[in-house]
Amino acid sequence: MPPGGGGPMKDCEYSQISTHSSSPMESPHKKKKIAARRKWEVFPGRNKFFCNGRIMMARQTGVFYLTLVLILVTSGLFFAFDCPYLAVKITPAIPVVGGILFFFVMGTLLRTSFSDPGVLPRATPDEAADLERQIDIANGTSSGGYRPPPRTKEVIINGQTVKLKYCFTCKIFRPPRASHCSLCDNCVERFDHHCPWVGNCVGKRNYRFFYMFILSLSFLTVFIFAFVITHVILRSQQAGFLNALKDSPASVLEAVVCFFSVWSIVGLSGFHTYLISSNQTTNEDIKGSWSNKRGKENYNPYSYGNIFTNCCVALCGPISPSLIDRRGYIQPDTPQPAAPSNGMAAYGATQSQSDMCDQDQCIQSTKFVLQAAATPLLQSEPSLTSDELHLPGKPGLGTPCASLTLGPPTPPSSMPNLAAEAALTDILPLKDEHVAHQFLTPDEAPSPPTMLAGSPLAHSRTMHVLGLASQDSLHEDSVRGLVKLSSV
């Protein structure tokens, strides 16, 4: 050891290990960027979104595709097999009018199916908790007691008492004329009904497009059916009825489809015309909310008392904006603690390095104890090096331990530890030979056994000790054995 006692210790340095990185290969200075998510990606209702949230539909869309197939196939057959003959024999305006009706039907259908029907946003946890406190105060119950479920609130609209029902799913009191759709799992403003044929709910924001769809589809169905029959009659006058059917088999398929669908479509259009004229919804009409059977004073508070005004309000009024903002970005909340999985990954990434550090410290502590035991009490006495130490099975230059006259022998309890340490030295390679040795003062070091105080080997030496840091018991036994060995 050089003078000053601090030279070799400068080589023993410990580097700080970062445990904050999320993966072993990730640099602590590089943070992974989290892409901003849109609201439609975490929408709680049972809906499907397309085109980055621009298209919103219900999950059950099988009947909607059937509607598309029926319209496209029937119209396609009509334009391919009937319109060429009718344009020549009657007028070229037939395919033009048919094309206008077809595109109007498809436009209103897609507008109804792909739009937000008027979904009401659900209450946030803070809003729901505030509403619960208001309900507790209104019911006069304490926070610790039993609270009956909230039911309704009453508001007055145009002199008519209207009940607002509480939605346990959305945690809100639904506004007037709103209802919760069980298929889409959403509260819809001015809810009319859920239509599987369009694959969406029908509410405040898409009702006018639904009405224009069924009304234009009624005209298109009647138009195709009428001119298909006209086509068959004209051909039958020239070549007979059977020959006319053979010449245009597609006309037969078109006539069958239109015949069975025209009644339901026309009937549905008439029913919704009645609802618009009276400013009602299908839900209200089925439940009989404004029926006179409930009382003479029961009336519809939403009707303007004029059929023309009611129709203008339903078909020409302004369209309210969407309340759910499905394409908006989610605002970042308060930073949350790291997930347990990330913590485990970080621990696994540094566990081996920590074990190595603990092992080095343990070995160095063992060397400190040995150096303290080997500190010469009399500076005039020479010390032996590791080459002069004779171990069983190892050739040495010094005198064997058996030839020394030391008085009482070493207690037998130290021999197994000596053999174990010698075997461990044979198996494991030497570690950290370059680490400098530190010495303790005689006051800090434990004194050797009195019965071996006169041994020349008591003022010994620097030895390399190896052990597994994870096995504490092995280290303790090894330290005791080597201290006794150094005192022999």
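The values are calculated or read from the model by the stated rules, or taken from the named source; none is laboratory data. Since the model is a prediction, treat every value here as computed from it, not as a measurement. Glycine gets a Cβ as well: all are built from the backbone with ideal geometry, and neighbour counts include every protein chain shown. We work out accessible area using only protein heavy atoms, side chains counted, and drop any ligands, DNA or RNA first. Shrake-Rupley method; radii C 1.70, N 1.55, O 1.52, S 1.80 Å.
Structure above, values below:
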item: Test: residue in region 202-214 that is in contact with a Gly (Cβ under 7 Å, 6 or more places away or on another chain) and part of a helix (DSSP H, G or I); result: no
item: Failed item, numbered, when Leu268 is tested on (1) more than 30 Å from Pro95 (Cα to Cα); (2) open to solvent by 30 Å² or more (accessible area, probe 1.4 Å); (3) within 45 Å of the chain's Cα centre (by Cα); result: (1)
item: Any chance Tyr274 is of a type in the set (Phe, Trp, Tyr), more than 21 Å from Gly118 (Cβ to Cβ), surrounded by fewer than 17 Cβ atoms within 10 Å (Cβ to Cβ) and modelled with pLDDT under 95; result: no
item: Near pairs, Cβ below 8 angstrom, 6+ apart or cross-chain, from region 299-315 (within 20 Å of Phe210 (Cα to Cα)) to any residue that is among the charged types (D, E, K, R); result: Ala314/Arg208; Leu315/Arg208
item: Close pairs (6 angstrom Cβ cut-off, 6 or more residues apart or separate chains): in a helix (DSSP H, G or I) in region 269-289, among the β-branched types (Val, Ile, Thr) and open to solvent by 20 Å² or more (accessible area, probe 1.4 Å) anywhere; result: Ser277/Ile307
item: Checklist (1) farther than 24 Å from Phe219 by Cα; (2) at pLDDT 90 or above; (3) among the hydrophobic types (A, V, I, L, M, F, W, C) applied to Ala339, failing item; result: (2)
item: Some residue of region 158-165 being free of Cβ contacts under 8 Å to residues at least 40 places away in the same chain, more than 26 Å from Arg111 (Cα to Cα), open to solvent by less than 40 Å² (accessible area, probe 1.4 Å) and of a type outside the set (D, E, K, R); result: yes
item: Residues of region 193-238 that turn out to be open to solvent by 40 Å² or more (accessible area, probe 1.4 Å) and without any contact (Cβ under 8 Å) to a residue 40 or more places away in the chain, as a count; result: 6
item: Residue check for Asn279: touching a strand residue (DSSP E or B) at 6+ places or on another chain (Cβ under 8 Å), farther than 30 Å from Tyr85 by Cα, polar (S, T, N, Q) and surrounded by 12 or more Cβ atoms within 10 Å (Cβ to Cβ); result: no
item: Failed criterion for Ala178 (all others in (1) open to solvent by less than 70 Å² (accessible area, probe 1.4 Å); (2) in contact with a Lys or Arg (Cβ under 8 Å, 6 or more places away or on another chain); (3) modelled with pLDDT under 90 hold); result: (3)
item: Count of region 34-56 residues which are hydrophobic (A, V, I, L, M, F, W, C), open to solvent by 80 Å² or more (accessible area, probe 1.4 Å) and either within 20 Å of Thr169 (Cα to Cα) or part of a strand (DSSP E or B) (or both); result: 1
item: Residue check, Thr74 in contact with a helix residue (DSSP H, G or I) (Cβ under 6 Å, 6 or more places away or on another chain) and hydroxyl-bearing (Ser, Thr, Tyr); result: yes
item: Selection within region 78-89 - in contact with an Asp or Glu (Cβ under 9 Å, 6 or more places away or on another chain) and open to solvent by 40 Å² or more (accessible area, probe 1.4 Å); result: Phe81
item: Residue in region 99-114 that is more than 20 Å from Asn206 (Cα to Cα), open to solvent by less than 40 Å² (accessible area, probe 1.4 Å), over 45 Å from the mean Cα position of the chain (by Cα) and modelled with pLDDT of 95 or more present; result: yes
item: Test: residue in region 57-71 that is among the hydrophobic types (A, V, I, L, M, F, W, C), surrounded by 18 or more Cβ atoms within 10 Å (Cβ to Cβ) and under 29 Å from the mean Cα position of the chain (by Cα); result: yes
